[in-house]
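> This is the structure, below, for whatever I ask next.
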Number of protein chains: 2
Amino acid sequence: MPTMPRTAITRLGDLAANDRAALDRLLDTARVGHVGLLDGGWPVVIPTAVARDGDALLVHGSTGSGWMRSLAGETPVCVTVTSLEGLVVARSAFESSMHYRSAVVFGRCTSLEGDAKLRALDVLTDVLLPGRVAEVRRPDAKELAATLVLTLPIERWSLKVSDGWPEDPDDDVASSAWAGVVPMTVTYGAPRPAPDLRDGVAVPPSVVALAP
Amino acid sequence: MPTMPRTAITRLGDLAANDRAALDRLLDTARVGHVGLLDGGWPVVIPTAVARDGDALLVHGSTGSGWMRSLAGETPVCVTVTSLEGLVVARSAFESSMHYRSAVVFGRCTSLEGDAKLRALDVLTDVLLPGRVAEVRRPDAKELAATLVLTLPIERWSLKVSDGWPEDPDDDVASSAWAGVVPMTVTYGAPRPAPDLRDGVAVPPSVVALAP
């Protein structure tokens, strides 16, 4: 029986918030997490869509996926969610770093069924593309049977926030080197219609709302 | 002794390239990877800067970092590098997905010393901000002593590329729902100078070159 790693909040920089609200803000921003689990004793890290639903993280995938079946079997899991938000350009390579927020959630997943499963799929769909649930048909029985939906309680977690300025020593500050931060953001480009899209179908509000 | 998971190339969509060159393109695009390792038998996933150097991935961090020391001790590791490149908006939630490229590299790291360590730090610096090495002073002895630089051979790896159109069944294609792809890109904002920047220090070429 493995011991769950110690969790802690690490505050870096001057603006870091270190409470559950800050965790939720990160989890609600990022669409993708990295799931860590064991495969024959070796660590494996897999990117997948995640969504927060209250006090749980939701993950979904195919019933044909080995790692999803492993998670459904309540194997120990670590889900890490990272948002990269800038380059910290210091006056030396050593002090240079990045602005980011990163959270890890440790635990064991359980599989959702019935109405809870349907509702969780709606949450996942609307996190990936807000408003999309109202625009598409309901999942059918075959689709539901092909999908595993897992929930991981947000109980053991850790949050790390780096959002400060470069911290160069005095000698470097006095030098002629530049220092600052270059913000990074994810932006959406113009929607590209599918080649088989019927004539006259307009871009839906959910997609229109992504425009910068 | 854990068994290393089977690695494979998974081709999704119609444009996927599935060779080492495609792996290198991904590794050379992404600045951050997610490192998976074991902590007391529990999987832990940590985001960190990565850079490809020929047939190896480089990772660096503080000698004070427990997980870096664990990696330096040749513990089994999985490094996953993911680039999120678009939303695949299908006519149903079930067929909706994302465009992404993701690679996993399995192995054990070894620690670099001396000239190899210095050179690897330059590679990491210039991957995070191309051209920056030429603009900053060299690392000093104290900084080098405080830094672990690890190399992971790119030998056991797997690449997954999703870049296709939605694959809706005929009934859905005939419906009034929209389908397509919304590209996602990372863009850099205007550089913000550090509060302690000396007057008259210009934004350097490396930072100017990030502008969209």
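> Give A:A120, A:A116, A:A103 a once-over and let me know the one that is more than 8 Å from every other protein chain (Cβ to nearest Cβ), surrounded by fewer than 18 Cβ atoms within 10 Å (Cβ to Cβ), aliphatic (A, V, I, L, M) and out of contact with any Pro (no Cβ under 8 Å at 6 or more places or on another chain).
That would be A:A116, the only listed residue that is more than 8 Å from every other protein chain (Cβ to nearest Cβ), surrounded by fewer than 18 Cβ atoms within 10 Å (Cβ to Cβ), aliphatic (A, V, I, L, M) and out of contact with any Pro (no Cβ under 8 Å at 6 or more places or on another chain).
> Quick one: would you say B:P139 is outside any strand (DSSP E or B), surrounded by 16 or more Cβ atoms within 10 Å (Cβ to Cβ) and at the interface with chain A (Cβ under 8 Å from one of its Cβ atoms)?
Criteria met by B:P139.
> Can you name the number of the only condition in (1) surrounded by fewer than 16 Cβ atoms within 10 Å (Cβ to Cβ); (2) within 16 Å of A:S62 (Cα to Cα); (3) in contact with a strand residue (DSSP E or B) (Cβ under 9 Å, 6 or more places away or on another chain) that A:A145 fails?
Of (1) surrounded by fewer than 16 Cβ atoms within 10 Å (Cβ to Cβ); (2) within 16 Å of A:S62 (Cα to Cα); (3) in contact with a strand residue (DSSP E or B) (Cβ under 9 Å, 6 or more places away or on another chain), only one is false for A:A145: (3).
> Inspect all residues belonging to region A:194-204 and state whether any of them is closer than 19 Å to B:P183 by Cβ and either in a strand (DSSP E or B) or in contact with a strand residue (DSSP E or B) (Cβ under 7 Å, 6 or more places away or on another chain) (or both).
Yes, region A:194-204 contains at least one residue that is closer than 19 Å to B:P183 by Cβ and either in a strand (DSSP E or B) or in contact with a strand residue (DSSP E or B) (Cβ under 7 Å, 6 or more places away or on another chain) (or both).
> Can you find a residue that is free of Cβ contacts under 8 Å to residues at least 60 places away in the same chain, part of a strand (DSSP E or B) and more than 30 Å from B:L129 (Cβ to Cβ) anywhere in region A:153-161?
Checked against the condition, which is being free of Cβ contacts under 8 Å to residues at least 60 places away in the same chain, part of a strand (DSSP E or B) and more than 30 Å from B:L129 (Cβ to Cβ), region A:153-161 yields no hits at all.
> Name the one entry in B:S176, B:S206 that is of a type in the set (S, T, N, Q) and surrounded by 16 or more Cβ atoms within 10 Å (Cβ to Cβ).
B:S206
> Right, something else. Filter region B:74-95 down to residues that are more than 7 Å from chain A (Cβ to nearest Cβ) and assigned to a loop (DSSP other than H, G, I, E, B) and give me whichever is surrounded by the fewest Cβ atoms within 10 Å (Cβ to Cβ).
B:E74
> Residues being touching a helix residue (DSSP H, G or I) at 6+ places or on another chain (Cβ under 8 Å) and among the hydroxyl-bearing types (S, T, Y): count how many of those fall in region A:74-93.
The total comes to 2.
> Let me ask something additional. Look through region B:28-51, keep the residues that are within 8 Å of chain A (Cβ to nearest Cβ) and among the small types (G, A, S), and return whichever of them is nearest to the chain's Cα centre (by Cα).
B:A49
> Report yes if B:L71 is more than 15 Å from the chain's Cα centre (by Cα) and within 9 Å of chain A (Cβ to nearest Cβ), otherwise no.
no
> Oh, and also: Look at A:P153 and say whether it is within 16 Å of A:R25 (Cα to Cα) and either at pLDDT 95 or above or away from chain B (no Cβ under 11 Å) (or both).
When the stated conditions are applied, A:P153 does not pass them.
The values are calculated or read from the model by the stated rules, or taken from the named source; none is laboratory data. Not measured: the values here are computed from a predicted model. So basically every Cβ, Gly included, is an ideal-geometry build from the backbone, and we count neighbours across all protein chains shown.
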